[in-house]
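Report on the structure given below.
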Amino acid sequence: MPKAIKLFVLYVDTFNRWVGRFAMQLLFVMGAVLLWSTLSRLFFNAPVNWALEMSQFLLSAYYLLGGAYAMQNDAHVRMDLFYSRLLARKRAVTDAFTIFCVIFFLGVLLYGGFSSTSYALQYNQKNYSAWSPPLWPIKIVMTFGVFLMLLQTISTFFKNVAEATGRSIQ
């Protein structure tokens with residue numbers, strides 16, 4: 001494989017590993033937010049109106065920033081009828097072919113993410129709730145997560161091609 005592809009795979013995999021491990025920590029933050037909400041309601045009789053939305057934002061950031069890391073570790077759910085019976089090289093060929101559907105889907109999703117984020121920034125879009133938070137921060141995180149997933153998908157494609165042709169990507 002060309003050196004540029006090897007460097008692309010190395011940098012994308014390394015960056016997504018760091019982002020994915022950071023995203024794992026968001027579950028603790030979300031737990032703390034929900035715990036604070038429960039404690040404030042039970043002990044202080046003061047319900048917190050922002051906790052539910054904040055936990056939804058944190059969960060969205062968690063799975064969108066962690067998606068590329070999950071793909072890197074082959075942790076996504078896969079419907080398997082014949083796939084596991086194939087040899088490793090044939091699986092790599094199958095993955096290299098079907099990954100174009102994923103790249104197309106992520107491209108459309110990224111386009112929509114840019115459009116939605118641009119709208120949220122331009123008009124200072126807020127959520128219709130009692131808390132009424134601005135939506136641009138979570139939309140930026142979501143669009144960034146889709147972008148990282150697209151980069152990881154391309155990296156995975158290069159790894160599949162390398163495996164299918166019997167070359168090393170490392």
Practice task
Could you go through the stretch 107-119 in sequence order and give the Karplus-derived ³J(HN,Hα) for each residue, using 6.51 cos²θ - 1.76 cosθ + 1.60 with θ = phi - 60°, rounded to whole Hz, and x for Gly and Pro?
Solution key: x, 5, 4, 5, 4, x, x, 4, 4, 5, 5, 4, 4
Practice task
First select every other residue whose beta carbon is under 13 angstrom from the beta carbon of P133; then total the charges, Lys and Arg +1, Asp and Glu -1.
Solution key: +1
Handout entry: Whole-number percent relative contact order across the stretch 71-170, with pairs defined as alpha carbons under 8 Å at least 6 apart
Key = 39 percent
Practice task
Take the stretch 21-81, drop everything but the C-alpha atoms, weight them equally and run the Debye formula without solvent; then report log10 I(q)/I(0) at 0.18, 0.26 Å⁻¹ to two decimals.
Solution key: -0.68, -0.99
Exercise for the section: Considering only lysines 8 or more places apart in sequence, or on different chains, count the pairs in the chain whose C-alpha atoms sit under 27 Å apart. Expected result: 6
Completion exercise
For the chain, the Cα-Cα pair-distance distribution in 5 Å bins from 0, as whole percents, is 1, 8, 13, 16, 16, 14, 11, 8, 6, 4, 3, 1, 0
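Using only DSSP helix segments of four residues or longer, with each worth -39500 (n - 2.57), what per-residue ellipticity at 222 nm results for the chain after dividing by its residue count and rounding to 500? List each step's numbers first, then the result.
Numbers: 4 runs with 127 residues, N = 170.
Calculated from helices alone, the mean residue ellipticity at 222 nm is -27000 deg cm²/dmol.
Bear in mind that the values in this text are calculations on the coordinates, not laboratory data. The shown structure was predicted, so the numbers you read here are calculated from the model rather than taken from an experiment. When we count neighbours, we look across all protein chains shown, and the Cβ atoms used for this are built from the backbone with ideal geometry, even at glycine.
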